1. Would you confirm, using the coordinates I've provided, whether residue 125 is surrounded by fewer than 14 Cβ atoms within 10 Å (Cβ to Cβ) and either farther than 13 Å from residue 144 by Cα or of a type in the set (S, T, N, Q) (or both)?
2. Here's a check for you: in the stretch 91-121, which residue that is in a loop (DSSP other than H, G, I, E, B) and closer than 16 Å to residue 31 by Cβ is modelled with the highest pLDDT?
3. For the stretch 31-41, give me each residue that is out of contact with any Lys or Arg (no Cβ under 9 Å at 6 or more places or on another chain), hydroxyl-bearing (Ser, Thr, Tyr) and either modelled with pLDDT of 70 or more or part of a loop (DSSP other than H, G, I, E, B) (or both).
4. Looking at the stretch 42-56 only, could you name the residues that are assigned to a loop (DSSP other than H, G, I, E, B) and either among the hydrophobic types (A, V, I, L, M, F, W, C) or surrounded by fewer than 16 Cβ atoms within 10 Å (Cβ to Cβ) (or both)?
5. If you go through the stretch 58-80 one residue at a time, do you hit one that is buried (at least 20 other Cβ atoms within 10 Å of the Cβ) and among the polar types (S, T, N, Q)?
6. Could you look through the stretch 128-150, keep only residues that are under 24 Å from residue 28 (Cα atoms) and among the hydrophobic types (A, V, I, L, M, F, W, C), and pick out the one that is surrounded by the fewest Cβ atoms within 10 Å (Cβ to Cβ)?
Amino acid sequence: MKLKKGIVGGWNVKEELVKSSSNVSQFKNSLYPIEYSGTRSYKVIGFKDDIGVQNYYRLSILDKSENSTLDILINSMYPYYCGVVADSYNEFIHLPAEIISFADSTFSYLSPLELNSRFHESDLTELNESELKEIKYWGAKTFGEIIFNDWD
């Protein structure tokens, strides 16, 4: 997977790229109708848009049938999303097919297999020098550690 310039996030690229925040609202809104669909009952119960040092937004979903919560991380610069254990950032999980089917189709779902895969130098050729320094400094080894990070 070749990573695009700006995927790391941070102050060094935000001025160069337009953040996808307007699309994030669209993504979030695409999931609200899920509460009234299918045999399982899901409900959007939270959205964290104050990302601070993180390069992602967090959407919390309640699975009413299991009485459990899962979170969806949405990259702040590019239209990528994934599932994680509630209140974590790197415990990637498979999202239920029903949630993926409701999600805005302009966003790409990244599976745990993709995110836990180790990257190669050839995957980073489009990143700028600041991003490469951040990756090295924080010791990232997988795609998930880069695409969804909370580096300062």
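1. Numbers: surrounded by fewer than 14 Cβ atoms within 10 Å (Cβ to Cβ): yes; either farther than 13 Å from residue 144 by Cα or of a type in the set (S, T, N, Q) (or both): yes.
Judged against the criteria, residue 125 is a match.
2. So the first thing to find is which residues in the stretch 91-121 are in a loop (DSSP other than H, G, I, E, B), and the list is 91, 94-96, 103-107, 110-111, 116-117, 119-120.
Within this subset, residues satisfying the condition of being closer than 16 Å to residue 31 by Cβ are 95-96, 103-107.
Working: 95: 94, 96: 90, 103: 84, 104: 84, 105: 85, 106: 87, 107: 90.
Filtering first and then ranking leaves 95.
3. Start the filter on the stretch 31-41 by keeping residues that are out of contact with any Lys or Arg (no Cβ under 9 Å at 6 or more places or on another chain), which leaves 31, 33, 36-39.
Now narrow it down to the ones that are hydroxyl-bearing (Ser, Thr, Tyr): 36-37, 39.
Hits for the stretch 31-41 are 37, 39.
4. Taking the stretch 42-56 and keeping what is assigned to a loop (DSSP other than H, G, I, E, B), we get 49-55.
Selection gives 49, 50, 51, 52, 53.
5. So far as the stretch 58-80 goes, yes, one or more of its residues are buried (at least 20 other Cβ atoms within 10 Å of the Cβ) and among the polar types (S, T, N, Q).
6. Let us first name the residues in the stretch 128-150 that are under 24 Å from residue 28 (Cα atoms), namely 143-150.
Going one step further and asking which of them are among the hydrophobic types (A, V, I, L, M, F, W, C), we end up with 143, 146-148.
Values: 143: 20, 146: 25, 147: 26, 148: 26.
Out of the qualifying residues, it is 143.
To keep it simple, each residue is scored yes or no on (1) modelled with pLDDT of 75 or more; (2) not in a loop (DSSP other than H, G, I, E, B).
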position: 1; (1), (2): yes, no
position: 13; (1), (2): no, yes
position: 17; (1), (2): no, no
position: 24; (1), (2): yes, yes
position: 29; (1), (2): yes, yes
position: 58; (1), (2): yes, yes
position: 62; (1), (2): yes, yes
position: 77; (1), (2): yes, no
position: 82; (1), (2): yes, yes
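The values are calculated or read from the model by the stated rules, or taken from the named source; none is laboratory data. Note that the structure is a prediction, hence the values are computed from the model and not measured. Quick reminder, even Gly has a Cβ in these numbers, built from the backbone with ideal geometry, and neighbours come from all protein chains shown.
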